[in-house]
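Quick notes on the structure that follows.
Computed from the coordinates by the stated procedures, all read-outs in this text should not be read as laboratory data. All figures in this text were calculated on a predicted structure; none of them were measured in a lab. Don't worry about glycine lacking a Cβ; one is built from the backbone with ideal geometry, like all the others, and counts go over all protein chains shown.
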Amino acid sequence: MSDSDLPYIYAVIQCGHCGSELETDGGSWTCYSCGIYWETSNPYDADGSQAIFLDEEQEPCGAEATMSPREHHGKRFWDAPCTLPAGHRSEHYHPLAYESLEPEEPIT
Ligand SMILES: [Zn+2]
Ligand SMILES: [Zn+2]
C-alpha cells in the first residue's frame, strides 16, 4: 500500500450563514447563494472582514423576521429585517438587534 491509497484532506471554506462552499480567487471569497463576498487573503483570520454585495447596486432584501421580540435581562431583542441583497437564494439572514429597556444609569 502506498501513501496515495488513502484520501487527501479536503478543506472547505463555508459561508457563515448558509454553509455553501465559497468560491475564491485567492483574494476574495464569494457566496453565490447569499450574493455576497468577503475581501480577505486569509479566511481563517477574517475577523472584521465585512461582507460586500456582489452587485453593489442591489437593494437589501428587507424581509421581516417571523419570530417576535423577546425580553431578557432588561433588554429587548428582535431579529432585524434581512440584510442580504434582494434575490438571494439562501434563507433570509436576520441579524440580532436589541435595545435596553431600563433607563440609562445617571452618571455620578
Ligand atoms: Zn451564503
Ligand atoms: Zn432575505
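If you go through segment 87-108 one residue at a time, how many are exposed (fewer than 12 other Cβ atoms within 10 Å of the Cβ) and within 12 Å of ligand 2 (Cβ to nearest atom)? Explain how you work it out, then say what you get.
Step one: list which residues in segment 87-108 are exposed (fewer than 12 other Cβ atoms within 10 Å of the Cβ), which gives 87, 95-96, 99-108.
Filter once more, so that each one left must be within 12 Å of ligand 2 (Cβ to nearest atom): 87, 95.
The total comes to 2.
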*Out of the residues in segment 21-60 that are in contact with a Gly (Cβ under 8 Å, 6 or more places away or on another chain) and within 13 Å of ligand 1 (Cβ to nearest atom), state the one that is nearest to Gly87 (Cα to Cα).*
Gly35
*Among residues belonging to segment 49-86 that are among the small types (Gly, Ala, Ser) and closer than 17 Å to Cys15 by Cα, point out the one that is farthest from ligand 2 (Cβ to nearest atom).*
Ser49
